[in-house]
Structures are given as C-alpha cells and as structure tokens.
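The values are calculated or read from the model by the stated rules, or taken from the named source; none is laboratory data. Bear in mind the structure is a predicted one, so any value in this text is a computation, not a measurement. Cβ sites come from the backbone with ideal geometry, for glycine too, and all protein chains shown count toward neighbours. Just the protein is used for accessible areas: all its heavy atoms, side chains included, with ligands, DNA and RNA removed. Shrake-Rupley method; radii C 1.70, N 1.55, O 1.52, S 1.80 Å.
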Amino acid sequence: MVTRESSRRMDDLPTWSSQTDPRLVLCLRLVVAGMLIGLLWKISFFLVADQLHFRIPIRDAFFPEWLQNAQVLRAAFLTSVIFLGTTLATASAKRRKICLPIALAANSVLLVHQGSYNDMTFVTVWWCNVWACWFAWRMSVDSSEALLRKSALVSRAILSLVLLGGAAGKWTQEYWSGEVFYEIYFRERDFWLFNLLRSTSDTQSLRVIATYYSQMVVLLETIGGLTLWCLPRRMAAIVGATVFSAIALMSNFWLFSVLGPLIGLSLVGLVGGPTSRSKAASRSLRRVGPWRSVIHSSS
Amino acid sequence: MSDPKRCDSKNSNSPDDQASGRMKLCSQGGGAARDLGFYLILVALALVSGWLLLMPWVPSIAESTMERFHLRSSSFAWWAVQQPIPAMYNFANRTEIRDLPPADHLVGLVDPFLLDPLATEATNASPADPSRRELGIVGGRMINHFPTREFTFANGRYRYLRGEDPRWFVLESRYRGSELSSTYELRPLPEGGWQVTLVADEQPEESSLPDGKGDLREW
C-alpha cells in the first residue's frame, strides 16, 4: 500500500520513472518544430521549384543518376516532412525512434541532391536531426537532468559550429570591406531595411553603411562561433535565439528557413532550469568544471 | 547508438530504493549506458570546427571548399562528406551568364569588335546592370555561396534555361588570395533537358597544377 509519505517521495523523484519527463518531450518538440518550420517556411517556392525540376532537368555527370532525379528530391522532402510531423505529434517513444532516423536519411538525401544541395536549410535541418535522433534515443536511458545538461551542451556546440561556418568563410577582404553584402543586399535587394537605407542615403553613404554592416556580421558570427558553446545554457539559449532571429529580421525573412531549426535548437537551453536539488549538485560539480560534470553524467 | 540500459523504476524494488540508491546512480550517470552518440557528435563537431578554423591558414582547405562550391571536388563522395559543413555566405562568389562563349574562347572565330562594339568601360562594369553589360552577357551577380546554383537552383533554371540556346556560366570564387574559376557550358538535349559540361577550369592560384589540369575538359 502506498502511504502518503512514500507518495510524496515518489513525487520528488527524478523523472526516470516509466513516464517520460514532459520537459524532455518539450525539448524534442521544440527542435522538431523548428525543423518543420525551416522545411515549410519556403513551401511556396519549393512547390514551384518542384515543377521546374521536372520541366527543366539538367544532366551533370558529377552527380549520381538518382541524385539528379526530381522524383527522388520530391520523395525525400515529403518523407522528411511526414516523419518529422509524426515525431512532433506522437507520444510514443518507439515511434519517435523509428521516425527520426528515417527523417535523417531523407534529409541526408536533400543535403546532396542536385536540386537542393545549395540550400543551407538542409544543413541546419540535418544537424538538428542528428541532435534529435540522439536525444530521442537517450530519453529512455538517461536521467532527465543528465540528459538536459548534455543536450544543452550538444545544442550549444551545434549552434557555435553553424556560426563558425558562417564566420570562417567571411574572414576575407571582400567581406571586411562590405563589397559582398553591398552587392547582394544593399544595391537592389527588396527588403525593408535596405529599401529604407536606399531611400535615405546616397550611394557613397550606402557603401560605408554596408562596410559597417558587414563587419558587424563578421564579428558577431566570429564571437558567437567561438564562445556560444561555453556560455551558461540559459544565457546561450537567449543569445542564440536572439542572434539567429536578428540575422533574419535584419537581412532576409527567407532566412528563417535556415535559422528556424537553429532557433528551436537554441530554446532547448531554456527547458529544465536548475532545481534546488540540481543547484546543490552543481555547486559540488562546479569544482570540476562544466565539461567534467557533463561528461561524468554521460558515462 | 549504444544499447540502452533503461534508467527507470522497473529495476527498483521500492520507492526507497529509487529515492536513494537508484537515484544516486542515475544522477551520477552510473545507471545509464555509455553514451557513444554524445561523444561521436562532439567529436564530429570538434573536427568540423577544426577544419573551419584552419581554413584561413591552410590554403588546401579553402581550395577544397571552393571546389565543393564549384562541384569540382575530386570525387562525389568527398564532396558529399563536406556537405554538412556549414558554409553560409562564404567567399566572394561572382557569376556571369552568357549566351556567347567567354571572349577568350572565341579568339580567331569572331571579330572582337562584335563582342564589344562600343569598346566602352562596360567590360569592367558590373554584369548585374543590364545597361552596362558586355555583349554576350545575359546576367550575373555576386552570390552568397555555391555559384553553381545559377544553373542547378530552380530560380536559375527558370531564368536562364527556358529557351533553346546554349548558355555559358562563368563562375569565380575568391578567398584570402586563393581563387577558383570555372566555365560551364549548358546545351539543350534532343530528348529534353540540358547537358552540363565543364569547358574551362582554373585551379586555385595558390595550388600547384598537376599535369594536364587547366586544359579543356569534358565531363
């Protein structure tokens, strides 16, 4: 018979009981929702592109035959959306473990298909999908707190990598001088910020603004890429979500397709803040540093 | 993925067991299987980060990325392996789309005067400005990454490949003194669609050219 005392103790237990901790489910759903937003953000364009891939096929011996096939591209995209959607909706851990690897396989095809390789949406979706596969697998293995800590670290590391990837390719004179952004955005891009700047500045001033804009982007991505992974998880979550949203809001709304998955991944750090018990534990673990504490809890 | 040893209440006999021993084990990780996935992801992220951090200082890394951007990696497998590496807005990539072959391919075939009848400053003008384009150029721009998207991406197919005339795509990427140029010719196929052929390539300036590279090459 369960007494009131033992019942209270049960309530205090960490959530590695047969019920999945809702915080873990929330984490996974945030990331999967971000991936779906990324995939569907440009759906109007993808629908037109799908028709064009059939009407104007191109033959390039660089790609294997099947990766030039428009049917394969369509099937991979639909598979990814359907299985991620199922993951988002299902409460079954088993179904999640089946759906996410299938979605990862489909996203891997999108990453290397002739019709989609150049879209960075599929790069960010792919990394988030890797995170989601691992996370879904560990939901039934790790204690909630340990998994929340580890997953926050992995998410920060992925976010840092994406920022670093953007930064490293810009460590060159053409970006530092603003030449590239001037030509891509400032000269004729129809976007609220650039329209506003063009209407209020002459060409010479616009060129100077482009230089400052470009240098700000390079510095932001560099600092973010080098430091985001080692920030406290809540701070990293807020910084990550803010930076990725700002990039899209200040340059191109279409970029939410690339950045949506990363915003979802950033928010993982906001879930499951330290409880009084874990605060006490982290005080003792702080002596050995954040890396040791995460790695210890995973081994 | 590692074989999970479930860290739940099934193996516990009583709430007291859970509250003391099991909880301790789980919170310290002793009850969970070794998380190989966690280490694998971190190792992969560290390797890619190392690759990116070395790119400005190791020309061969920048060249490999340029070849990735131009679909000219040594093999499709090597290209595919690099695809998860984030490369948003990398390098200064410029494209020029032509309905006549690049001028240096026409030497002796067409009077150069016909290619540039006014012999104006247009030669150095931005191809993005239609009024100042050189004859033979139908488009061009600075592009964020993957200049080959001009003919593989749906936008480019619609813009440049709706007709039946051949097109030449002159692509150029620059990064910290390294440079890669490629010219792709696209010709319509009788059965429909377009055939892509790399007709001219220039290896990155800082790399040593293997014998035979730089010649006209058909894929």
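Quick one: is A:Trp126 of a type in the set (A, V, I, L, M, F, W, C) and either open to solvent by 10 Å² or more (accessible area, probe 1.4 Å) or more than 9 Å from every other protein chain (Cβ to nearest Cβ) (or both)? Judged against the criteria, A:Trp126 is a match. Residues of segment A:93-104 that are among the charged types (D, E, K, R) and open to solvent by 40 Å² or more (accessible area, probe 1.4 Å): A:Lys94, A:Arg95, A:Lys97.
For segment A:86-120, name all the residues that are in contact with a His (Cβ under 8 Å, 6 or more places away or on another chain) and of a type in the set (A, V, I, L, M, F, W, C).
Residues of segment A:86-120 in contact with a His (Cβ under 8 Å, 6 or more places away or on another chain): A:115, A:118, A:120.
Within segment A:86-120, A:Met120 is the sole residue that qualifies.
Tallying residues that are buried (at least 18 other Cβ atoms within 10 Å of the Cβ) and aliphatic (A, V, I, L, M) within segment A:213-229 yields 3. Taking segment B:139-155 as the region of interest, how many residues are touching a Gly at 6+ places or on another chain (Cβ under 9 Å) and assigned to a helix (DSSP H, G or I)? Adding up the residues that qualify gives 4. Of all residues in segment A:73-92, exactly one satisfies the criterion of being more than 30 Å from A:Leu24 (Cα to Cα) and buried (at least 20 other Cβ atoms within 10 Å of the Cβ), namely A:Leu73.
Scan segment A:1-44 for residues that are surrounded by 20 or more Cβ atoms within 10 Å (Cβ to Cβ) and modelled with pLDDT under 80 and the total you get is 2.
Residues in segment A:176-212 that are open to solvent by less than 30 Å² (accessible area, probe 1.4 Å) and aromatic (Phe, Trp, Tyr): A:Phe181, A:Tyr185, A:Phe186, A:Phe191, A:Phe194.
Can you confirm whether A:Glu145 is touching a strand residue (DSSP E or B) at 6+ places or on another chain (Cβ under 6 Å), part of a helix (DSSP H, G or I) and facing chain B (nearest Cβ under 7 Å)? Answer is no for this residue.
Give the number of residues within segment B:180-192 that are assigned to a strand (DSSP E or B) and within 11 Å of another protein chain (Cβ to nearest Cβ). Number of matching residues: 4.
Look at (1) within 8 Å of another protein chain (Cβ to nearest Cβ); (2) modelled with pLDDT of 95 or more and you find that B:Ile61 fails only one, number (1). Looking across segment B:64-97 at every residue that is in a helix (DSSP H, G or I) and open to solvent by less than 30 Å² (accessible area, probe 1.4 Å), the one that is nearest to the other protein chains (Cβ to nearest Cβ) is identified as B:Ala80. Look at (1) free of Cβ contacts under 8 Å to residues at least 60 places away in the same chain; (2) open to solvent by less than 50 Å² (accessible area, probe 1.4 Å); (3) within 13 Å of B:Phe153 (Cα to Cα); (4) of a type outside the set (Gly, Ala, Ser) and you find that A:Phe54 fails only one, number (2). Taking (1) more than 10 Å from chain A (Cβ to nearest Cβ); (2) charged (D, E, K, R); (3) not in a helix (DSSP H, G or I) in turn, B:Arg34 satisfies each apart from (1).
Looking only at residues in segment A:129-142 that are more than 15 Å from the chain's Cα centre (by Cα) and without any contact (Cβ under 8 Å) to a residue 60 or more places away in the chain, which one is surrounded by the fewest Cβ atoms within 10 Å (Cβ to Cβ)? Spell out how you get there, then give the answer.
Our first condition is that a residue be more than 15 Å from the chain's Cα centre (by Cα); within segment A:129-142, this holds for A:136-142.
Next, from what is left, pick out any that are without any contact (Cβ under 8 Å) to a residue 60 or more places away in the chain: A:137-138, A:141.
Values: A:Trp137: 20, A:Arg138: 24, A:Val141: 24.
The qualifying residue surrounded by the fewest Cβ atoms within 10 Å (Cβ to Cβ) is A:Trp137.
The number of residues in segment B:156-177 being surrounded by fewer than 22 Cβ atoms within 10 Å (Cβ to Cβ) and among the small types (Gly, Ala, Ser) comes to 2.
Mind telling me which of the residues A:Leu100, A:Leu153 ends up being hydrophobic (A, V, I, L, M, F, W, C) and either over 14 Å from the mean Cα position of the chain (by Cα) or more than 10 Å from chain B (Cβ to nearest Cβ) (or both)? Full working, then the answer.
Numbers: A:Leu153 fails: either over 14 Å from the mean Cα position of the chain (by Cα) or more than 10 Å from chain B (Cβ to nearest Cβ) (or both).
One residue alone meets the criteria, A:Leu100.
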